[in-house]
Amino acid sequence: MEPKPPDEWGPSSPVAAGGALAAVARYGIGGWFQLATRSDFPWGTMLVNVTGSLLLGFLMVWLLATTASVEVRTLLTVGVLGGYTTFSTLTYETVAMFQGGEWRRAGFYALGSLVLGLAALIMGRAARPCGVFCC
């Protein structure tokens, strides 16, 4: 099977581009916040995951209320936000805390990430187009 030229890749090329840009943003924002907190607790990962949840909640409501194409929705939600948030890092850091005997920190981190992520997603969904965040 021959490789397809970029114009025949379909939705995968914008998803890949969005994911690549967002991964760089995640690395920069998460790293910066981690340094700013001067803590060994993974605040940078938590910030990225919670803000990603907020953005996903907002974007899903906003994009479905507009005439945004499936390709644009896929680019922003799967590509950009999929590359920005990082569940795998959250789980790795939680297990590392458990293995290090830091049961309370691990529990706080896992539960806090879930609760804050859910709250952020709900807040994002509550923001209406041309209401809180735009226009």
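General observations
- Candidates ALA110, ALA25, ALA16 - the one that is at negative phi, within 19 Å of the chain's Cα centre (by Cα) and either touching a residue at least 60 places away in the same chain (Cβ under 8 Å) or buried (at least 20 other Cβ atoms within 10 Å of the Cβ) (or both): ALA16
- Some residue of region 87-106 being surrounded by 12 or more Cβ atoms within 10 Å (Cβ to Cβ), in contact (Cβ under 8 Å) with a residue 60 or more places away in the chain and under 15 Å from the mean Cα position of the chain (by Cα): no
- Helices (runs of 4 or more DSSP H) lying entirely in region 30-117 (those with 3 or more residues that are more than 28 Å from ALA16 (Cβ to Cβ)): 87-99
- Scanning region 28-40 for residues that are closer than 20 Å to VAL115 by Cβ and surrounded by 12 or more Cβ atoms within 10 Å (Cβ to Cβ) yields a total of 3.
- Residue within region 41-63 that is among the small types (Gly, Ala, Ser) and surrounded by fewer than 12 Cβ atoms within 10 Å (Cβ to Cβ) present: no
- Residue check for ALA110: among the aliphatic types (A, V, I, L, M), over 28 Å from ALA126 (Cβ atoms) and modelled with pLDDT of 95 or more: no
The values are calculated or read from the model by the stated rules, or taken from the named source; none is laboratory data. The structure presented is a predicted model; accordingly, all values stated were derived computationally and were not measured. With ideal geometry, Cβ positions are generated from the backbone for all residues, glycine too; neighbour counts draw on all protein chains shown.
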